Structures are given as structure tokens and as C-alpha cells.
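Notes to accompany the following structure.
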Amino acid sequence: MHDFHYKNGELLCEQVPLSRIVAKYGTPCYVYSNGTITDHFQKLDKALAPVDHTICYAVKANSNLAVLKTVATLGGGFDVVSKGEIERVVAAGGDHNKCIFAGVGKTAREIEFALRLGIYAFNAESEAELERINAIAKRLRKKAPISVRVNPNVDAKTHAKITTGTYENKFGIAFEQVKKIYAKAAKLSNLKIKGVQMHIGSQLTTTDPFEGAVKKLIPLVTDLIKRYKIEFFSIGGGLGIVYDPALESGAASWWKKKEAAKILTPQSYADRLIPLLKPLGIKILVEPGRFIAGNAGALITQVEYIKKTGKKNFVIVDAAMNDLIRPAFYEAHHDIVPVKRKGGSKISSDVVGPICESGDTFCKNRPLPRVKEGDTLALLSAGAYAFVMASNYNTRPMPAEVMVKGKQFTAVRERETPASLWAHEKIPSWLK
Ligand code: LLP
């Protein structure tokens with residue numbers, strides 16, 4: 001579902017024209033649809049209904065408190081990777097007992113914090129981490145709930161920077177070593193073996209790699225159920241989304257829709273995996289981030305200048321790579337559409353930000369409507385791994401974040417002020 005759509009030539013998020021949001025909060029700003037987040041959560045929840053399951057939303061994708069609150073209200077759990085993310089979940093009213101704690105580098109401080117608070121499980125990623133968790137639990141006179149992240153050595157066929165389930169990657173414990181690690185964990189008296197976990201990568205657009213990895217793990221999971229009575233199997237996140245949603249009509253749009261129809265859906269994902277998972281008879285966890293939030297967001301930006309160089313038509317906007325790094329970092333595609341629909345012919349354009357780096361480019365040689373200074377544009381599918389990866393490079397304040405629900409909208413994070421950016425800095429007294 002896509003809640004960004006045109007009505008009478010105006011781009012709306014749900015029932016709110018984006019021009020109204022821009023008038024109130026300025027640009028650049030992120031806009032999130034509460035309806036899309038809810039719809040995507042519920043679609044996945046429904047598709048997985050035949051198995052006992054919990055959707056543990058991957059907080060890293062979009063950790064705004066209003067997003068976390070939305071997920072908590074829907075009954076979701078959370079996949080967290082830091083003490084900060086656990087604290088965010090709690091601040092948003094989420095349940096810490098529904099948090100699973102992932103990551104290869106959990107510090108002693110983070111482990112102690114999570115143990116004192118109480119979480120559903122640590123997804124341990126090395127033998128050394130299990131020993132550390134055990135020692136801290138012993139000191140606190142607690143039993144730490146753990147699962148082991150298995151690296152199944154399956155190629156997820158996605159971008160190299162977001163592939164995680166092969167032996168080239170730092171994640172998890174190699175499939176062949178897992179049984180030995182569980183035997184070791186069973187001997188550590190302050191651990192409680194609770195489950196097993198895997199995550200093979202992000203932005204997977206077909207179900208095949210998921211199916212391959214789950215199939216590979218089934219005999220292992222069956223053995224762990226028998227030996228240690230584990231109660232859950234987390235199959236990770238990774239469900240991909242359509243970055244080309246085709247809001248415009250016309251031939252190109254028809255083609256995009258056809259291409260988009262090939263991508264996995266919650267139903268096709270569930271149809272392939274449930275027959276494998278249901279016979280296990282244990283709880284299934286999933287950890288989607290992008291699927292829940294990705295298409296729920298857009299980055300709205302204003303055109304500052306048009307610069308024609310003879311070779312290129314540069315559209316210089318007020319958002320930059322510090323606000324949305326995905327195109328620069330992963331060569332990621334984000335559709336770019338005008339907030340007020342434009343007719344007429346298109347022109348091959350490079351949409352670029354103001355930062356002094358050639359990488360500060362949102363698209364290259366893309367046919368776009370002829371826009372002018374002062375127009376606003378929306379970079380779509382910017383609800384996941386967008387604001388959360390933003391930085392203050394060039395002393396640029398973080399953009400505002402706005403949430404829409406039906407006809408209502410409000411800032412769920414105010415735009416930063418420049419002074420707040422150096423609030424934690426100081427000039428030493430000995431610098432004259
Ligand atoms: N579980 C674990 C253990 C993960 O490492 C991740 C993502 C997820 C779940 C959620 O994956 P998702 O359902 O969102 O695909 N910054 C990159 C994506 C990095 C993903 C990292 N791990 C991007 O912008 O594409």
C-alpha cells in the first residue's frame with residue numbers, strides 16, 4: 001500500500017496535502033504515514049496468523065518514538081541493537097520484555113542494562129559474548145535468556161553492504177559450529193537457552209533465499225527443541241519493498257507496476273515459509289524494519305536552483321546526503337516526484353544537494369518533470385534507514401519529522417536548531 005498519492009494534481013500523504021505540511025514545518029522534512037505503518041504491520045501479522053508468532057520491529061529502520069508507539073499499540077515486539085534503542089522502546093511505551101537484543105558488539109554496560117531491565121532474549125553472536133553474558137548474569141544473580149544467531153552461509157542476493165548471512169560477513173556463528181556452541185551455553189549456569197535466530201540480509205525481493213535458509217536450519221532447530229526445549233525460532237527481517245511505486249500514470253508506470261508485482265508479499269512469504277515452520281510447534285519471530293516503515297515515509301525538499309551546464313540539468317535542492325544517505329552509500333533508487341503535479345515533457349535531470357561532494361546526488365540522468373526554483377519535491381520510500389542514518393555534516397540541522405494520520409498531522413520531531421548542534425562542545429580555557 002502507498003499512502004502518498006495525487007489528488008487534483010496535489011501530492012497527499014493520506015488526506016493531508018504535503019504543501020500544508022511544508023507551509024507549517026518547512027523543508028527539508030520527513031513525512032510518515034501512520035496508516036501505512038499500521039497496514040504493513042497488519043498485513044504481515046495476518047499472513048503469519050497460522051503460526052504462533054511475534055513481529056519484532058527492527059527499531060534501527062526508523063526509531064522515532066511515534067513510530068515505536070504505533071508498533072507497540074499494534075502489539076509488536078522490538079528487535080534492538082543498542083542500549084539506546086531499548087531506552088527508546090521504553091520511552092515510547094513499548095514492552096521491554098518483548099525486546100530481542102541483536103548485534104556483534106554488545107558492551108558489558110549494555111548487557112547489564114538489558115539484564116536488569118528484563119528483555120525477551122539476547123541474540124548472541126559469538127562464544128565470547130555468551131561467556132560475557134553469563135559472567136554478568138552471575139554477578140547480578142540472574143539467568144540471562146539467550147538464543148544464538150546462526151550464520152547459515154546463504155547468499156541473500158542483495159546489495160553487498162546489506163548481505164549478512166554468508167561466511168564473508170561478521171554476523172552470527174557458522175552453521176557447522178552452532179551445536180557445539182549450544183552445548184557450551186548449556187554448561188554456563190547463568191544462561192537460559194531460549195531460542196535460535198538467523199538474519200540473512202536486507203531488501204530481499206524474492207522468497208527463495210529465506211526458504212533456502214529456513215530449510216537449512218530446520219534439522220538444527222528440531223534438534224535444539226529436543227535437547228534444550230527452545231521456545232522460539234527467529235527468522236530475522238529482510239523483506240524487501242518496491243522503491244519504484246509508480247504514482248504517475250502512463251507507459252512507464254504500467255511497466256513499473258508489472259515489475260513491482262514480482263516482488264515478494266507478506267502472503268507469498270508466509271505461503272512459502274509456514275509449511276516449513278508450523279510443524280516445529282514453537283513460536284516464530286520475525287524482525288522486519290524496512291517492510292513496516294520504508295514506504296511509509298517521504299523526504300520533502302525544495303528546489304533552490306536550476307543549473308544547466310550544457311551537458312546536464314542540475315536540480316539543486318535543500319535536502320542533502322546528510323539527510324538521506326542511501327543514494328550516496330548504496331546507489332539506492334528513491335523515486336522523486338513533484339508535490340504539485342507537472343504536465344509537459346520530461347527532462348533528464350540530476351537532483352543534487354548543496355554539500356561539497358560529488359556523492360551528494362539523489363539521482364543521475366533521470367527523466368523528471370521540468371521543475372523550477374521554489375517548487376517542492378518528494379523523495380519517496382524514505383521511511384526506513386533514512387532519518388536514522390542522517391548526520392549533521394556541514395553543520396546542517398536534522399530535518400523535522402512529521403506524522404500523518406488521516407486528516408491529522410503533527411511534528412513528531414522538531415527541526416534541530418544550529419545552536420543545539422554545538423551544545424555539547426566547549427572551547428578549553430587555555431585556548432586564547
Ligand atoms: N534483524 C537484524 C538482525 C538486522 O541486522 C536487520 C537489519 C533487520 C532485522 C531488519 O532488516 P530489514 O527488515 O529492515 O531488511 N541501512 C541499510 C539496511 C541495513 C539493514 C541492517 N540490518 C539500507 O539503507 O538499505
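Below, the figures for the structure above:
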item: Checklist (1) under 20 Å from P266 (Cβ atoms); (2) within 16 Å of the ligand (Cβ to nearest atom); (3) open to solvent by less than 10 Å² (accessible area, probe 1.4 Å) applied to S33, failing item; result: (2)
item: Hits in segment 302-338 (condition: among the polar types (S, T, N, Q) and either closer than 16 Å to L379 by Cα or open to solvent by less than 60 Å² (accessible area, probe 1.4 Å) (or both)); result: Q302, N313, N322
item: Qualifying position, being assigned by TED's automatic domain parsing to the domain that holds A72, within 22 Å of the chain's Cα centre (by Cα) and either not in a strand (DSSP E or B) or not basic (K, R) (or both), among F122, F113; result: F122
item: Top-ranked residue in segment 149-190 [being within 13 Å of the ligand (Cβ to nearest atom) and of a type in the set (A, V, I, L, M); ranked as most open to solvent (accessible area, probe 1.4 Å)]; result: A160
item: Wholly enclosed strands (runs of 3 or more DSSP E) of segment 44-104 bearing at least 1 residues small (G, A, S) and within 16 Å of the ligand (Cβ to nearest atom); result: 53-58, 77-80
item: Residue ID - surrounded by the fewest Cβ atoms within 10 Å (Cβ to Cβ), chosen from residues in segment 342-384 that are hydroxyl-bearing (S, T, Y) and not in a loop (DSSP other than H, G, I, E, B); result: S348
item: For T376: the one exception among (1) within 16 Å of the ligand (Cβ to nearest atom); (2) over 22 Å from the mean Cα position of the chain (by Cα); result: (1)
item: Total residues in segment 6-30, condition surrounded by fewer than 17 Cβ atoms within 10 Å (Cβ to Cβ) and within 19 Å of V242 (Cα to Cα); result: 1
item: In segment 253-286, the residues that are aromatic (F, W, Y) and at pLDDT 95 or above; result: Y269
item: Test: residue in segment 4-22 that is over 27 Å from N123 (Cα atoms), free of Cβ contacts under 8 Å to residues at least 40 places away in the same chain and in a helix (DSSP H, G or I); result: no
item: Number of positions in segment 281-311 that are in a strand (DSSP E or B), in contact with a helix residue (DSSP H, G or I) (Cβ under 9 Å, 6 or more places away or on another chain) and either away from the ligand (no atom under 16 Å from the Cβ) or of a type in the set (V, I, T) (or both); result: 4
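Quick grid of which residues meet (1) at pLDDT below 95; (2) away from the ligand (no atom under 14 Å from the Cβ); (3) open to solvent by 10 Å² or more (accessible area, probe 1.4 Å); (4) not assigned by TED's automatic domain parsing to the domain that holds G344:
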residue	(1), (2), (3), (4)
K215	no, yes, yes, yes
I218	no, yes, yes, yes
D223	no, yes, yes, yes
K226	no, yes, yes, yes
E231	no, yes, yes, yes
I235	no, no, no, yes
L239	no, no, no, yes
Y243	yes, no, yes, yes
A251	yes, yes, yes, yes
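The values are calculated or read from the model by the stated rules, or taken from the named source; none is laboratory data. Just so you know, these numbers come straight off a predicted model, no measurement behind them. Virtual Cβ from ideal backbone geometry, glycine too; neighbours counted across all protein chains shown. Ligands, DNA and RNA are stripped out before the accessible areas are found, and what is left, the full protein with its side chains, is counted by its heavy atoms. Shrake-Rupley method; radii C 1.70, N 1.55, O 1.52, S 1.80 Å.
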